[in-house]
1. Return the distance in nm (one decimal) between the two label points of a simple spin-label model at Leu13 and Ile69, each offset 7 Å from Cα along Cα→Cβ.
2. Considering only the other residues whose Cβ falls under 14 Å of the Cβ of Leu73, what net charge follows from Lys and Arg at +1 and Asp and Glu at -1?
3. Excluding Val162 itself, what net charge comes from residues whose Cβ is under 10 Å from its Cβ, given Lys and Arg +1 and Asp and Glu -1?
4. Full-extension gain between Ala83 and Phe125, please, as 0.36 nm times their residue separation minus the C-alpha to C-alpha distance.
5. How far is it, in nm, from the label point at Leu244 to the one at Thr136 when both lie 7 Å from their Cα along the line to the Cβ?
6. Hey, what do the phi angles of the range 177-186 turn into as Karplus ³J(HN,Hα) couplings, whole Hz, using 6.51/-1.76/1.60 and θ = phi - 60°, x for Gly and Pro?
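Values in this text are rule-based calculations from the coordinates and carry no lab data. What you see is a predicted model, and the numbers here were worked out from it, not measured in a lab. Methodologically, a virtual Cβ is constructed for each residue, glycine included, from the backbone with ideal geometry; neighbour enumeration extends over all protein chains shown.
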Amino acid sequence: MVDVSLASIEAILPFIAIGFAAQLVDGALGMAFGLINSTLLISVMGLPPRVASASVHAVETFTTAASGISHVLHRNVNWRLFARLVIPGMIGGVLGAYVLSSIDASVARPFVMAYLSAIGLYLLFRAWRGRVEPRTPKVIEPLGLVGGFLDAAGGGGWGPVVTSNLLVQGASPRETIGTVNTAEFFLTATISATFIFTLGFAAFTLQTLGILIGGLLAAPLGGWLAKKVPARPLMAMVGVLLTLTSAFSIYQALSK
């Protein structure tokens, strides 16, 4: 558990700033909180992947609750889509947390990131091509299952996998981002409970506290941003973010 008495302002401020920035991006674009923070905790702080993923999901349990409330208040949630995503996502999350607690699941990460990078480029093409025409997505439950599994096993992935694939299928950017963010609360709560059961309370560190504070400060702003930004630039921003974060993850994996 975190010993707050040992945490100086100088030590915790960078993590507050990172948590704020990551959650602001995640709330507005439906992805990147887990990827940004997991990358920091593993690459900079040297935490094992399972502890980094547990830390991020412990924080996300609180930030996704605040972000979800913001999206609900701004009417960004498609409740029918939410109902079809949340249960498969929770099942996938439990499986992914169990796998990461037992074995090294990082082998497949470069392949997943390459796929997401290609999806990001396609979203950029759609945004550049012109008007974004909304359509009803067809593949939902399997997407939730895979997204939940990769989110737990990879320390982040629910937003990039689920949001991007729903957008490719033609779902409304605003409703997709709001719905995926709101469903993520139930996913992260399930994953966190699984990690606590398998790892104990190793996830709760000084870094976790800083990221939590920053994330909670930024969470209410995401729903407002997703509502205000038009569909075409919103899709373009998702494409840019997805392509850059995926490409960076591939570079990290191949440079080891």
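1. Using points 7 Å along Cα→Cβ, the separation is 2.8 nm.
2. Around Leu73, the surrounding residues sum to +4.
3. Numbers: positive: none; negative: Asp151, Glu184.
With Lys, Arg at +1 and Asp, Glu at -1, the net is -2.
4. 12.1 nm
5. About 3.7 nm, to one decimal.
6. The phi angles translate into 4, x, 5, 5, 5, 5, 5, 4, 4, 5 Hz.
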